[in-house]
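The values are calculated or read from the model by the stated rules, or taken from the named source; none is laboratory data. Computed from a prediction, not measured in an experiment: that's the story for all the values here. Every residue, glycine as well, gets a Cβ built from its backbone with ideal geometry; the counts of neighbours run over all protein chains shown. Calculation scope for accessible area: heavy atoms of the full protein, side chains included, ligands and nucleic acids excluded. Shrake-Rupley method; radii C 1.70, N 1.55, O 1.52, S 1.80 Å.
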Amino acid sequence: MVTNLASRLMSRGISRKRAVKARAFSYFRAATIDQALDAHARAGDDARFIAGGQSLVPALSLRLQAPRLLIDITHIDEMRGVRREGDTLRIGALTRHCEMLSEPLIAEFAPLLHAAAPFVAHPAIRNRGTFGGSVALADPASEFPAMTLALGAEIEIAGPAGHRRVKADDFFIDLCETALQPGELITAIYVPLFKADQRFAFDELARRRGDYALVGCGMIATCTGERIDDIRISFFSVGNTPTRVKGVEATLIGARLDAERIAAAQGALESDLAPPESDEVPPAMRLHLARVLLGRLLGHLGEGA
Amino acid sequence: MSAPLTSLDRPNSYIGRSVPRPNAKRLLAGRGRYVSDLRLPRMLHAAFLRSPHAHAKIVSINIDEARALEGVHLVATGADLAKICTPWTGTLDHFKGMTSAPQLPLPLDRVVWAGQAVVAVVAESRAIAEDALELIEVDYEDLPVVVDIDSAREAGGPLVNPGTANNTCFRSQLDNGTVDDAFAHAAHVVEEEFTFGRHTAVTLEPRAIVAEYDPSAGMLTVHHGTQTPYQFQDLYSRHYGIPEARVRVIATDIGGSFGMKLHVYHEDMAVVGLSILLGRPVKYLADRMESFVSDIHARDHRVRARMALDAKGEILAMDVVDLTAIGAFSTYPRTSVVEGNQVIRLIGAPYRFRNYRATLEVIFQNKVQTSQYRAVGHPIACAVTERLVDMAASKVGLDPFVIRAQNVIADDAYPQTSPTGYRFEALSHQACLKRLHEIMDYGSLRAEQADLRKRGVYRGIGIAAFVEITNPSPAFYGVGGARISSQDGAIVSLTPSGEVRCLISVTEQGQGTEAIISQIVADQLGLAQERVKVITGDTEVTPHGGATWACRGAGIGGETALQATRALKRNILEIAALILQEQPSALDIVDGEVVDAATRKQRLPIFEIARIAYFRSDTLPPGTQAQLTVSHHFAPQGYPFAFTNGIQGCSLEVDVETGLIKLLKHFIVEDCGRVINPMLVDEQLRGGIVQGLGAALFEECRYSETGQLMNGSLADYLVPMPMEMPDIVIAHVETPTADTELGAKGVGEAGTAAASASVLNAVNDALAPFDATISSIPITPAKVLKALKRF
Ligand SMILES: Cc1cc2nc3c(=O)[nH]c(=O)nc-3n(C[C@H](O)[C@H](O)[C@H](O)COP(=O)(O)OP(=O)(O)OC[C@H]3O[C@@H](n4cnc5c(N)ncnc54)[C@H](O)[C@@H]3O)c2cc1C
């Protein structure tokens, strides 16, 4: 099993030439970021970084990808750990999904990620899958990439040309396409610290627990009393990328969350989302579900969830 | 039943007792011996190139590069295997007029479904074999594709088998001639069209086979993950022209089967041929995605049905048309029409009405074959009948329990023959209904439902009565010319140290066959269960028999073991009587000791009898030949099938905004006759129900217009998982069959039979305030929201 994306690819192409054993490849374990970048450069484009392997290994086994070289990045200390840096939380790219649940700093300063984590796959996958891997893959059905948008996070990237930081808002470009260039590594993700005047809400609709959602949403609001000063809302499983709904946000800023306002926000959703055709979840249905979910989450937020 | 077989307080009374499966610990410890794990010396690995087209002409195949790859031993096409394997045809004589094209391991010139195996590669490893697959070039020419039922039936439309008149595989009609009249005089008529999603078994262990042909001995040994080793021994022997005694099929541990692993698969037949061509062991293990496109599917039906009732809600008649699409071939050797046949024969089975008409049409299309999968036809027959009964109840203004109580065949009215010709020995619908009402606490459930509805919470309650076919006689397959046994055989021996070994033809797929056989043997002989060893699944060791399918293991296999053991006991007591100078009838065996039958006084341990018989026969009276091994065969006689019955109930909640359904609790009252091991019976029911709930809410093989399977992976094909499954409350009614001493009937399919029907009724009950109905499973959020007109 692979991500929603890959599974879609492979299910559709099911009867094409495919396999269950990966093509032969070489393996290199990098101890530092530089070693990893260097190994990638030397292999040309024919290499892949491997982190948790929860998406890459199935893709290799099905021969959807067949790089000559795998560069294991899981032993790079610089990419590990969670710590405060000024008014941000630095979450190392190698932070595993299960650590999102167990790490106290995340529970305190990035509660939205903590709330989303139980919805990511199942325990065995969470024990290996990494935050950086999830963001790098940028599956539009994934929880964490969308939450980096809701959080206004910054993604730290190391590449042959040096280090840079990209805002989550600028990171996700299209299906499978991000600001990350071939041969570049995500080293950490910086998240603004959660503050006393903020509220958050997260939920998703899925047919089975642990599945990719039919539609999912996370939001974080800064409030004065009952008034919303600022709000960021991000959806997943609604299109080719994780999607911030700026039109909806605009209807809410400066307002109180009463029933009327929530209905207005739900009404605005249509112009922010354009769900793709899908044989099982028609666009109109996905939009309906997004509206229902938005209404419920804003309701929670109003209750001070 | 006159003399009860069991009195649980006497020693060694195992019939009716929950004892653990002796093999469970071994499997849990990771010591299972699955074919998937098997490695033989000199073993090679097969992989298959599959058709990307649902229907196409094979113009040319270029295998040169693949053949040249290092590590590749053989690349074989349809023509190579056709030279050594005779074709097979999936028809049976008792289905008059049925047709199906002959099949070969690999196609010669045409592919008929997307995913069909086309070329086989055998190599040192699976990875190398897959490397070679990438080097094969096949040139196809697209042919018109037949996908959905309607276009398959269109006159002048594309044909699955060019040259034939149409895409019909089989047609059948049941009609007692009185239906139109009954409908004309009915006070109420309810009618609905039902659709059922194609789904598949999804066993934990995929299909696995290792074939080993030894040319020096002319001997074929096949390690095969199957339920039916004897059937395959016969087939490999006949299609490859190897004498039966030189074909050995070994079916050891198997990671689930559910009926899926008793059919002939093209890859499996090919692997046998590849091993013959190479003279080496060849292994093939279907990967999960191959399983989705090559394991049999099931339950692709569209049923239009109506029911006539009188003013008081008495069912008068049913009129049914079942259309089912089965893929490009009928499956061999059990065919793909048994399911439809059982649908039209089981509809209405719990009820008393006499006027019935049903038409079955079985249709070819360009998809993988369908065939028998757990509860063959039952869930469809049950859903159609029970939904119509509920629709009738609301039309007449009766509670679902009341209309059923009014219409089921009375418990004291047996024997009965159904309007479709099934003969029922003794069923217990009334008792089951009553018990279900109690265990559901139906009154409180309804009160709670009414209460919650006021607060915008929509709960639904659904019930569904069912009849299950078990213990099949030769009427099932034998009469149609299939070499599929309905008898079983057992060989029971007293070992030199006084233990018992039982070789039996029924097989174990994790349901506990070996456990119940050892219980029956220990019980009947008078021995601790730990001292009985049961051996199954090896045609060279165990006697020929039907093995395990259609719920026959306990009823037929169990009776075989019972009678064999009684014969062994007679023989042991004869020797004991000689030694003790008593009449055999004055003796009995308790806990491994020969005792005085009247006083239970211990006389002689049976290991002493074994010691004397095996090692000191000189001390026995002249002319005595101790027979401490007994073989016995048993075939069911009397009723052609032992029918069972029961009823299920479901409580669930529908989120009317999202269409998501939460199962709250499930209930079943079941009557499988004599319960041998309550724990195993309950687990069969639970497992079966979960499979039925999967069908109700999740499972469906979805195809594109071009015949591509759209969701052939476990990420997209949803199977039921623990988080979504409700607690299941179980109760029993016991009506043993008088056809056997044991009195056991089957139970493996009862759970699956009515689970989806009770969910369908419960969902419709929940939606009742909205004037929204659903008549299609799986019940997806999209269908619920569509019915509620939410988008
Ligand atoms: C059964 C199953 C269910 C799942 N369900 C969900 C779910 O519900 N929600 C969800 O979000 N995910 C789900 N996943 C995916 C899982 O979360 C993956 O772990 C995650 O998407 C990728 O993380 P990884 O560390 O395993 O990456 P890998 O598989 O190792 O790599 C994935 C890709 O990212 C690249 N990559 C990895 N790390 C970096 C880095 N630091 N910098 C640059 N590139 C990098 C790799 O080169 C590769 O191309 C599921 C997976 C499985 C197997």
Name the residue that is farthest from B:S704 (Cα to Cα), counting only residues in the range A:264-286 that are surrounded by fewer than 18 Cβ atoms within 10 Å (Cβ to Cβ) and within 14 Å of chain B (Cβ to nearest Cβ).
A:E270
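I need the full set of residues from the range A:194-242 which are of a type in the set (K, R), within 14 Å of chain B (Cβ to nearest Cβ) and in contact with a helix residue (DSSP H, G or I) (Cβ under 6 Å, 6 or more places away or on another chain), in order please.
Selection gives A:R208, A:R209.
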Does B:R455 count as open to solvent by 10 Å² or more (accessible area, probe 1.4 Å), out of contact with any strand residue (DSSP E or B) (no Cβ under 7 Å at 6 or more places or on another chain) and over 30 Å from B:D253 (Cβ atoms)?
yes
Can you tell me how many residues in the range B:666-695 are surrounded by fewer than 22 Cβ atoms within 10 Å (Cβ to Cβ), over 24 Å from B:Y373 (Cβ atoms) and touching a Gly at 6+ places or on another chain (Cβ under 8 Å)?
1
Taking only the range B:416-432 into account, find how many residues are surrounded by fewer than 21 Cβ atoms within 10 Å (Cβ to Cβ) and either in contact with a His (Cβ under 9 Å, 6 or more places away or on another chain) or in a helix (DSSP H, G or I) (or both).
2
Selected residue [modelled with pLDDT of 95 or more and open to solvent by 30 Å² or more (accessible area, probe 1.4 Å)] from B:A464, B:A447, B:A490:
B:A447
Can you tell me which residues in the range B:621-665 are more than 14 Å from chain A (Cβ to nearest Cβ), open to solvent by 30 Å² or more (accessible area, probe 1.4 Å) and over 30 Å from B:S485 (Cα atoms)?
B:P621, B:P622, B:G623, B:T624, B:Q625, B:A626, B:E653, B:L664, B:K665
Kindly indicate whether any position in the range A:83-93 is open to solvent by 20 Å² or more (accessible area, probe 1.4 Å), among the β-branched types (V, I, T) and more than 9 Å from the ligand (Cβ to nearest atom).
yes
Output the residue which, of all residues in the range A:27-49 that are assigned to a loop (DSSP other than H, G, I, E, B) and within 13 Å of the ligand (Cβ to nearest atom), is farthest from the other protein chains (Cβ to nearest Cβ).
A:A30
Every residue in the range A:129-140 that is of a type outside the set (F, W, Y) and either more than 7 Å from the ligand (Cβ to nearest atom) or not assigned by TED's automatic domain parsing to the domain that holds A:A116 (or both), please.
A:V135, A:A138, A:P140
Can you go through B:R42, B:R50 and tell me which one is assigned by TED's automatic domain parsing to the domain that holds B:E134, of a type in the set (D, E, K, R), modelled with pLDDT of 95 or more and at positive phi?
B:R42
Residues of the range A:287-305 being assigned to a helix (DSSP H, G or I), open to solvent by 20 Å² or more (accessible area, probe 1.4 Å) and more than 14 Å from chain B (Cβ to nearest Cβ), which ones?
A:H300, A:G302
What number of residues in the range A:50-82 are more than 7 Å from the ligand (Cβ to nearest atom), within 29 Å of A:L193 (Cα to Cα) and in a loop (DSSP other than H, G, I, E, B)?
5
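Going by what's in this entry, would B:I136 be described as assigned by TED's automatic domain parsing to the domain that holds B:A286 and touching an Asp or Glu at 6+ places or on another chain (Cβ under 9 Å)?
Yes; evaluated as a whole, the condition is true for this residue.
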Quick check on the range B:695-717. Is at least one of its residues among the hydrophobic types (A, V, I, L, M, F, W, C), out of contact with any strand residue (DSSP E or B) (no Cβ under 9 Å at 6 or more places or on another chain), free of Cβ contacts under 8 Å to residues at least 40 places away in the same chain and within 14 Å of chain A (Cβ to nearest Cβ)?
yes
Can you pull out the residues in the range A:114-129 that are open to solvent by less than 10 Å² (accessible area, probe 1.4 Å) and within 11 Å of the chain's Cα centre (by Cα)?
A:A116, A:A117
Give the residues of the range A:149-189 that are exposed (fewer than 14 other Cβ atoms within 10 Å of the Cβ) and within 12 Å of the ligand (Cβ to nearest atom), sorted by residue number.
A:Q181, A:P182
Looking for whichever is within 30 Å of B:A114 (Cα to Cα), over 20 Å from the mean Cα position of the chain (by Cα) and outside any helix (DSSP H, G or I) here; the options are B:G659, B:G712. Which one fits?
B:G712
